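Participant: Have a look at the structure that comes next, please.
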Amino acid sequence: MNNTDIIDLLNKDIEAEHAAIIQYLIHSYSMGEGELACEIEAISREEMRHLDFLAEAVVALGGTPSFERGAMRPEGNGVASWLENDVLAEEEAIAMYEEHIRLIDDPGIKNLLARILSDEKSHHGDFRHFVQSAEKQGLKDVRGNRQDRITEILDWSIEHEYTVILQYLLHSYLAPNEKMKHEMEDQAINEMQHLGWLSEKIVSRGGSPKIEHSEIDRSTKPLGMLRADIAVEKQVASQYDRAAKEISDPGLKKLLTRIRDHELYHVKVFTDLKKGLEEN
Ligand SMILES: [Fe+2]
Ligand SMILES: [Fe+2]
Ligand SMILES: [Fe+2]
């Protein structure tokens, strides 16, 4: 099998991991705070690590990681049925990795996929167990369909955060040096925190987070990437600033102000990176 074929298979794996990450996050946010929600979020974080390993492997083979999202099954009739969908997702992941391990002969990639496969087997067992505990605890969908000015603000915030997580990860994989790679990855992790805070907030206010993203920047040159990243941070920092001033709820005001300050920090980090590249 040549590199192009291996890259195609790994990109299929990345797309499936992406779908699992979001499906599990939606389930975790939608059952309200609690032990089970935390455990599911932890599994989602393991899928993020898988995505990262796979993306690095694609880059090492000379490819570009895919940021398309595979098919999800987020809906179902209550918490136990969501978790049954998660069991199915793990079964599909196991079958996919077993097939890809069979098809690929590169020993390094085979090892990586075998390592991920063993996690998926463990997740499969976890989710089967979670179906039972959700039934026992009588866990319910805690989302509502509240629609007001604040949910509107939280909706665009979540859409923005999801978009930049993908954008900064992509830019970290395409970065020309370790410093930029590391900074882009750090800011992506910070945006993941924002996504979590905002999603929990929307649910606690009786709304429902739609985890969808908009167009991500596809620049291939580092200066173009950083220009796009600086522009989006400046714009969103002023949006958060306006929203924080408009909102009277003190907790939400504090949250949006804190996120705004992070975004202003991101502007500085990206501006420094850009200066560094221009000087070289
Ligand atoms: Fe998994
Ligand atoms: Fe953010
Ligand atoms: Fe940011």
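Participant: What pairs can you find where one residue is in segment 186-203 and on the phi > 0 side of the Ramachandran plot, the other is among the charged types (D, E, K, R) and open to solvent by 50 Å² or more (accessible area, probe 1.4 Å), and their Cβ atoms are less than 7 Å apart, with a gap of 6+ or different chains?
Facilitator: Cβ pairs passing all conditions: none.
Participant: Which one is most open to solvent (accessible area, probe 1.4 Å), of the residues in segment 200-233 that are more than 15 Å from Glu152 (Cβ to Cβ) and among the small types (Gly, Ala, Ser)? Walk me through how you get there before you give the answer.
Facilitator: First pass over segment 200-233, keeping only residues more than 15 Å from Glu152 (Cβ to Cβ): 200, 203-204, 211, 213-233.
Now narrow it down to the ones that are among the small types (Gly, Ala, Ser): 204, 214, 219, 224, 228, 231.
Details: Ser204: 88, Ser214: 49, Ser219: 31, Gly224: 20, Ala228: 26, Ala231: 58 Å².
Going through the qualifying residues, I end up with Ser204.
Participant: Continuing with the same structure: In segment 242-280, how many are within 13 Å of ligand 3 (Cβ to nearest atom) and of a type in the set (D, E, K, R)?
Facilitator: 5
Participant: In segment 257-279, which residues are closer than 20 Å to Val203 by Cβ and either open to solvent by 80 Å² or more (accessible area, probe 1.4 Å) or without any contact (Cβ under 8 Å) to a residue 40 or more places away in the chain (or both)? So that I can check it myself, show each step before the final result.
Facilitator: Initially, segment 257-279 is screened for residues closer than 20 Å to Val203 by Cβ, giving 258-259.
Selection gives Arg258 alone.
Participant: Output the residues belonging to segment 128-148 that are in a helix (DSSP H, G or I) and touching a residue at least 60 places away in the same chain (Cβ under 8 Å).
Facilitator: Pass one, segment 128-148, residues in a helix (DSSP H, G or I): 128-137.
The answer is Phe130, Ser133, Ala134, Gln137.
Participant: Sticking with this structure for a sec: Restricting to segment 73-117, count the residues that are among the hydrophobic types (A, V, I, L, M, F, W, C) and either within 16 Å of ligand 2 (Cβ to nearest atom) or closer than 24 Å to Val59 by Cβ (or both). Write out each step before concluding.
Facilitator: Our first condition is that a residue be among the hydrophobic types (A, V, I, L, M, F, W, C); within segment 73-117, this holds for 79-80, 82-83, 87-89, 93-96, 101, 103-104, 109, 112-114, 116-117.
Next cut, either within 16 Å of ligand 2 (Cβ to nearest atom) or closer than 24 Å to Val59 by Cβ (or both) only: 93, 96, 101, 103-104, 109, 112-114, 116-117.
Of the residues in segment 73-117, 11 are among the hydrophobic types (A, V, I, L, M, F, W, C) and either within 16 Å of ligand 2 (Cβ to nearest atom) or closer than 24 Å to Val59 by Cβ (or both).
Participant: Could you grab me the full set of residues in segment 91-110 that are open to solvent by less than 30 Å² (accessible area, probe 1.4 Å), in contact (Cβ under 8 Å) with a residue 60 or more places away in the chain and within 16 Å of ligand 1 (Cβ to nearest atom)?
Facilitator: Let us first name the residues in segment 91-110 that are open to solvent by less than 30 Å² (accessible area, probe 1.4 Å), namely 93-94, 97, 100, 104, 109.
Now narrow it down to the ones that are in contact (Cβ under 8 Å) with a residue 60 or more places away in the chain: 93, 97, 100, 104, 109.
Of everything in segment 91-110, those that are open to solvent by less than 30 Å² (accessible area, probe 1.4 Å), in contact (Cβ under 8 Å) with a residue 60 or more places away in the chain and within 16 Å of ligand 1 (Cβ to nearest atom) turn out to be Ala93, Tyr97, His100.
Participant: Output yes when any residue across segment 66-87 is open to solvent by 40 Å² or more (accessible area, probe 1.4 Å), closer than 20 Å to Leu36 by Cα and in a helix (DSSP H, G or I), and no when none is.
Facilitator: Checked segment 66-87: at least one residue is open to solvent by 40 Å² or more (accessible area, probe 1.4 Å), closer than 20 Å to Leu36 by Cα and in a helix (DSSP H, G or I).
Participant: Additional query: Please state which one of Ile6, Ile40 is out of contact with any helix residue (DSSP H, G or I) (no Cβ under 6 Å at 6 or more places or on another chain) and over 16 Å from Leu169 (Cβ atoms). Walk me through it before giving the result.
Facilitator: Details: Ile40 fails: out of contact with any helix residue (DSSP H, G or I) (no Cβ under 6 Å at 6 or more places or on another chain).
One residue alone meets the criteria, Ile6.
The values are calculated or read from the model by the stated rules, or taken from the named source; none is laboratory data. This structure is a prediction, so every number in the text was calculated from the model and none was measured. Cβ atoms come from the backbone with ideal geometry, glycine included; neighbour counts cover every protein chain shown. When the accessible area is computed, the model is the full protein with side chains, heavy atoms only, and any ligands, DNA or RNA have been set aside. Shrake-Rupley method; radii C 1.70, N 1.55, O 1.52, S 1.80 Å.
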